[in-house]
Amino acid sequence: MIDSQSVRADAVVGYDSRGFDGGKLINGRKRHVVVDTLGLLLAVMVTAADVGDRAAAQVLLTQVTAAHHLLALVWAGGGYTGSLVEYCLAALALVLAIVRGSDDMHGFVVLPKRWIVERCFAHLMRSRRPVRDFERSIASAEAMVYWSMTMLMTRRVARPRPSRA
């Protein structure tokens with residue numbers, strides 16, 4: 001599953017690496033993440049908030065398919081439609097399935113598969129440091145996301161399992 005999240009940037013973030021997301025009215029950076037079906041992070045890319053989702057997804061999915069050769073299907077939100085679907089199929093041999101809500105839905109409705117990546121963002125927001133982007137460099141911002149998700153993954157591994165006796 002691929003999605004993005006816009007976060008506000010602190011004053012230490014340089015103007016060369018921040019932007020304005022007009023859809024969410026946020027001045028800061030945007031985190032583009034790819035997670036597996038368990039919600040565990042496969043890759044992250046931090047950009048200025050004014051970078052479009054399709055442009056960032058093209059670069060990020062190229063990196064993910066190079067690292068994870070068995071990846072064949074990626075779910076995405078409605079913002080990833082258009083030529084990105086054809087690019088993924090032709091250049092990356094990857095099926096990009098768009099998860100959309102129906103037109104007759106009103107209010108909050110949980111979309112299938114979409115909650116997986118939203119749960120990943122919720123875990124990031126529970127960590128203290130990634131709530132707001134305090135990092136001067138983009139590499140540090142990506143490292144903080146990896147660090148936060150590493151803590152989540154190690155807690156899941158260390159959790160005691162009920163015995164099957």
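The values are calculated or read from the model by the stated rules, or taken from the named source; none is laboratory data. Since this is a predicted model, take the numbers as computed values, not measurements. Here the Cβ is made from the backbone with ideal geometry for all residues, glycine too, and neighbour counts use every protein chain on show. Accessible surface areas use protein heavy atoms only, side chains included; no ligands, DNA or RNA. Shrake-Rupley method; radii C 1.70, N 1.55, O 1.52, S 1.80 Å.
Which ones in the stretch 111-149 are part of a helix (DSSP H, G or I), open to solvent by 60 Å² or more (accessible area, probe 1.4 Å) and without any contact (Cβ under 8 Å) to a residue 60 or more places away in the chain?
115, 125, 126, 129, 139, 147
Can you pull out the residues in the stretch 123-157 that are under 13 Å from residue 39 (Cα atoms) and touching a strand residue (DSSP E or B) at 6+ places or on another chain (Cβ under 6 Å)?
The answer is 149, and nothing else.
Do the conditions hold for residue 74, that is, is it more than 15 Å from residue 139 (Cα to Cα) and either in contact (Cβ under 8 Å) with a residue 12 or more places away in the chain or assigned to a loop (DSSP other than H, G, I, E, B) (or both)? Steps first, answer last, please.
Working: more than 15 Å from residue 139 (Cα to Cα): yes; either in contact (Cβ under 8 Å) with a residue 12 or more places away in the chain or assigned to a loop (DSSP other than H, G, I, E, B) (or both): yes.
In short, yes.
Go through the stretch 80-92 and report how many residues are free of Cβ contacts under 8 Å to residues at least 60 places away in the same chain, under 19 Å from residue 33 (Cβ atoms) and either within 15 Å of the chain's Cα centre (by Cα) or in a loop (DSSP other than H, G, I, E, B) (or both).
Residues flagged as free of Cβ contacts under 8 Å to residues at least 60 places away in the same chain, under 19 Å from residue 33 (Cβ atoms) and either within 15 Å of the chain's Cα centre (by Cα) or in a loop (DSSP other than H, G, I, E, B) (or both) within the stretch 80-92 amount to 1.
Taking the stretch 46-73 only, how many residues are of a type in the set (S, T, N, Q) and under 15 Å from residue 85 (Cα atoms)?
We begin by selecting, within the stretch 46-73, every residue of a type in the set (S, T, N, Q); these are 47, 58, 62-63, 65.
From what's left, under 15 Å from residue 85 (Cα atoms): 58, 62, 65.
Within the stretch 46-73, residues that are of a type in the set (S, T, N, Q) and under 15 Å from residue 85 (Cα atoms) number 3.
Here is a list of conditions, (1) in contact with a helix residue (DSSP H, G or I) (Cβ under 7 Å, 6 or more places away or on another chain); (2) more than 28 Å from residue 113 (Cβ to Cβ); (3) among the hydroxyl-bearing types (Ser, Thr, Tyr), and residue 37 meets all of them except one; can you say which number that is?
(2)
Out of the stretch 40-71, which residues are in a loop (DSSP other than H, G, I, E, B), touching a strand residue (DSSP E or B) at 6+ places or on another chain (Cβ under 8 Å) and open to solvent by 60 Å² or more (accessible area, probe 1.4 Å)?
Once the filter is applied, which keeps residues that are in a loop (DSSP other than H, G, I, E, B), touching a strand residue (DSSP E or B) at 6+ places or on another chain (Cβ under 8 Å) and open to solvent by 60 Å² or more (accessible area, probe 1.4 Å), the stretch 40-71 yields 50, 68.
Could you go through the stretch 93-100 and let me know if any residue there is open to solvent by 70 Å² or more (accessible area, probe 1.4 Å) and assigned to a loop (DSSP other than H, G, I, E, B). Steps first, please.
First pass over the stretch 93-100, keeping only residues open to solvent by 70 Å² or more (accessible area, probe 1.4 Å): 93, 95, 100.
Pick out the ones that are also assigned to a loop (DSSP other than H, G, I, E, B) and you get 93, 100.
Among the residues of the stretch 93-100, at least one is open to solvent by 70 Å² or more (accessible area, probe 1.4 Å) and assigned to a loop (DSSP other than H, G, I, E, B), which makes the answer yes.
Quick test of your reading of the structure: residue 8 fulfils all but one of (1) part of a strand (DSSP E or B); (2) modelled with pLDDT of 95 or more; (3) open to solvent by 20 Å² or more (accessible area, probe 1.4 Å). Name the failing condition by number.
(2)
Kindly provide the set of residues from the stretch 93-121 that are of a type in the set (Lys, Arg) and under 15 Å from the mean Cα position of the chain (by Cα), ordered by number.
Here is the first cut: in the stretch 93-121, the ones of a type in the set (Lys, Arg) are 100, 113-114, 119.
Matches in the stretch 93-121: 113, 114, 119.
When residues of the stretch 11-22 are filtered for being within 14 Å of residue 141 (Cα to Cα) and surrounded by 13 or more Cβ atoms within 10 Å (Cβ to Cβ), how many remain?
At the first step, the residues of the stretch 11-22 found to be within 14 Å of residue 141 (Cα to Cα) are 12-14, 17-18.
Subsequent filtering for residues that are surrounded by 13 or more Cβ atoms within 10 Å (Cβ to Cβ) retains 13, 17-18.
Count: 3.
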